[in-house]
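Below you'll find the structure, written out as structure tokens, and then a few comments.
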Amino acid sequence: MTSSLSLAILPGDGIGMEITQPCVELVQQALVQVGEPKAEEKWLEAGAGAYTKLGNALPDDTIAGCRAADAILLAAMGDPSVRYPDGTEIIPQIELRFELELYAGVRPVRSVPGIKGPLADPRGDQLDFVMVRESTEGLFASVGKGSRNEQQATDTQVITRKGTKRVSDFAFKLAQKRKAEGHIGEVTSVDKANVFKSMAFWRDMFDEVAKDYPDITPRYGYVDAVAMEMVRRPWIYDVMVTENMYGDILSDLAAGLIGGLGMAPSADIGDDHAVFQPCHGSAPDIAGSGKANPTAMFLSGAMMLDWLAVEKEHAAYGEAARRLTLAVDNAFRDGTLVSTERGGDAGVDAISAAVTHQLTALA
Ligand code: ATP
């Protein structure tokens, strides 16, 4: 038995409040099931609610708590009715990525058995690829810095050697790990190198990194063409790596391929810290109704355990991750559990109960 993990937990706003508690309970249940002590929970404030209450969307205490934790579990933040004086929304989850240098936004696009995707081709229901979104620069480098006057507004895209090389390196390493598990061993650079200087520079950096990984095939796609291929034949992809804004857009498209935002988990990983959170936002339109699908949050919890297994070199966390993922798969497998976002009637309570039941059955 090892000492317990310390988790920073940021429930945030809207449905974030509703999906966090069941996720933490499942993570704890999975840990106990593999013989580990329960994790120490540090619940921290951040988001539009924190801004309203404290005048700060990302208090210093919260940042310090995140830095001190072994991993950070974040639900969703933002509320369109609470804005900064310049009219922009409260997005501390993005500030946290900059603050902790979480440069690799990992968005697995894995079909859960029993969830029919929107594509007619059966291969569209067996997807398993990963999008890696650069998360510290690109067009988002301009957040809070763009200019605006009566006649025009500008936001500047920033692509650096360091930023591009480290995220490309992450993508190639991920492709190596997946190749060892039976995947094809390719990384696709998703860019617009034919039009923008910044993107031509991105591709040069990507190529420099590719030379260090002769066992992995580098591939290239222009972002517009990739958007089309992701609808036409997404099963051709293994790992893709892309600029921050392109990744923001394509990861929602990717979520649509696997049953909606409520099914899409993610991780934002840096060299020293990592945040795990669903791809979706705070969904203010359904907050408080109990209709939210908590699955993306559960799968993000499983990604956290998987990451901790590598970080802490402790296989039991990996087994806890495997069980939590399998419990999600088993809950949906026979097709009778249908979330409200897919036209069914299962919301937070029903889906949490089904996954808890399946996890218990794995004991
Ligand atoms: P952000 O920019 O913060 O990512 P967003 O503007 O993309 O947020 P979301 O909050 O993700 O918006 O919501 C988009 C739509 O998807 C809304 O109609 C919302 O109700 C729905 N949605 C998002 N997450 C879920 C979920 N977990 N379960 C059910 N519906 C969801």
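Amide H contacts for T136 (H built 1.01 Å from N in the peptide plane; partners 5 or more residues away or on another chain; cut-off under 5 Å): none found. Entry comment: accessible area of the chain is 43 Å² per residue, from protein heavy atoms only and a probe of 1.4 Å. Using the Cα coordinates of segment 267-326, the gyration tensor eigenvalues translate into equivalent-ellipsoid semi-axes of 26, 14, 6 Å, sorted from longest to shortest. Rolling a 1.4 Å probe over the protein heavy atoms leaves V158 with an accessible area of roughly 60 Å². Ordering 18-27, 298-307, 213-222, 87-96 by mean Cβ neighbour count within 10 Å, with the highest value first, yields 298-307, 18-27, 87-96, 213-222. Calculated on the Cα set of segment 169-209, radius of gyration then Dmax: 12.2, 36 Å. The largest-to-smallest principal axis extents of the Cα set in segment 100-247 are 51, 36, 32 Å. A convex hull fitted around the alpha carbon atoms of segment 1-115 yields 147 Å³ per residue. Return the subset of K162/K192; K42/K312; K179/K211; K38/K162; K165/K312; K177/K312 for which the Cα-Cα distance in this structure is over 27 Å, preserving the input order. From the list (K162/K192; K42/K312; K179/K211; K38/K162; K165/K312; K177/K312), the Cα-Cα distance tops 27 Å for K38/K162. Annotation: Cα Rg of segment 18-79 relative to the compact-globule expectation 2.2 N^0.38 Å equals 1.29. Using alpha carbons only, the radius of gyration of segment 220-363 set against its Kirkwood radius gives Rg/Rh = 0.99.
Residue order by solvent-accessible surface for D128, D204, D349 is D349, D204, D128, largest first, with ligands and nucleic acids left out and a 1.4 Å probe.
What a 1.4 Å probe finds exposed on the chain is 52% carbon and sulfur by accessible area, rounded to a whole percent. Pairwise Cα separations in segment 53-187 fall into 10 Å bins from 0 onward with the following percentages, short to long: 9, 27, 31, 23, 8, 0. Using C-alpha pairs below 8 Å separated by at least 6 residues, the relative contact order for segment 1-66 is 39 percent.
Beyond 18 Å, how much of the Cα-Cα pair distribution for segment 111-180 remains, as a whole percent? The share of Cα pairs beyond 18 Å in segment 111-180 comes to 63 percent. At q = 0.20, 0.23 Å⁻¹ the log10 of I(q)/I(0) for segment 160-285 amounts to -1.31, -1.55, computed by Debye summation with a single uniform scatterer per C-alpha, solvent ignored. Comparing the chain with the 2.2 N^0.38 Å rule of thumb, its C-alpha radius of gyration ratio is 0.96 (two decimals).
The values are calculated or read from the model by the stated rules, or taken from the named source; none is laboratory data. No experiment lies behind these values; they were computed from the predicted model shown. Because the Cβ atoms are built from the backbone with ideal geometry, glycine has one as well, and the counts that use them run over all protein chains shown. What goes into the accessible areas is simple: the full protein's heavy atoms, side chains included, and nothing from ligands, DNA or RNA. Shrake-Rupley method; radii C 1.70, N 1.55, O 1.52, S 1.80 Å.
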